[in-house]
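Enquirer: A single structure is presented below for examination.
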């Protein structure tokens with residue numbers, strides 16, 4: 001049950017933040033500009049996050065979704081904490097890292 005719950009927590013989290021980034025409020029666009037990206041880049045990031053949520057929700061592609069989610073979160077943390085761009089995207093999800101990391105571990109079935 002914890003396994004299924006952690007999967008749906010991740011799906012809900014990526015759907016929420018993906019929609020927020022895909023909508024691209026002025027504040028979100030300003031954050032991306034401040035990080036050195038064009039204003040529309042938040043929509044690309046939101047699309048990746050929405051895709052990640054869909055991949056995690058589907059059991060056949062769950063591992064790919066988890067890997068993509070890890071890349072998105074690590075890049076977001078790197079951007080917010082160190083000012084680095086380490087992958088092709090950047091997100092505003094750094095505050096989500098700790099709870100999502102535990103969910104990733106539970107969803108992957110690894111201890």
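Here's the yes/no breakdown for (1) over 14 Å from the mean Cα position of the chain (by Cα); (2) modelled with pLDDT under 90; (3) over 29 Å from residue 30 (Cβ atoms):
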{"site": "51", "(1), (2), (3)": "no, no, no"}
{"site": "54", "(1), (2), (3)": "no, no, no"}
{"site": "74", "(1), (2), (3)": "no, yes, no"}
{"site": "81", "(1), (2), (3)": "yes, yes, no"}
{"site": "84", "(1), (2), (3)": "yes, yes, no"}
{"site": "90", "(1), (2), (3)": "no, yes, no"}
{"site": "97", "(1), (2), (3)": "no, yes, no"}
{"site": "100", "(1), (2), (3)": "no, yes, no"}
{"site": "110", "(1), (2), (3)": "yes, yes, yes"}
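Enquirer: How many of the residues in segment 19-61 are assigned to a helix (DSSP H, G or I) and either in contact with a strand residue (DSSP E or B) (Cβ under 8 Å, 6 or more places away or on another chain) or within 13 Å of residue 76 (Cα to Cα) (or both)?
Expert: Counting residues in segment 19-61 that are assigned to a helix (DSSP H, G or I) and either in contact with a strand residue (DSSP E or B) (Cβ under 8 Å, 6 or more places away or on another chain) or within 13 Å of residue 76 (Cα to Cα) (or both) gives 8.
Enquirer: Quick check: anything in segment 1-12 assigned to a loop (DSSP other than H, G, I, E, B) and modelled with pLDDT under 90?
Expert: Yes, segment 1-12 has at least one match.
The values are calculated or read from the model by the stated rules, or taken from the named source; none is laboratory data. What you see is a predicted model, and the numbers here were worked out from it, not measured in a lab. In this analysis, Cβ positions are derived from the backbone assuming ideal geometry, glycine residues included, and neighbour counts consider all displayed protein chains.
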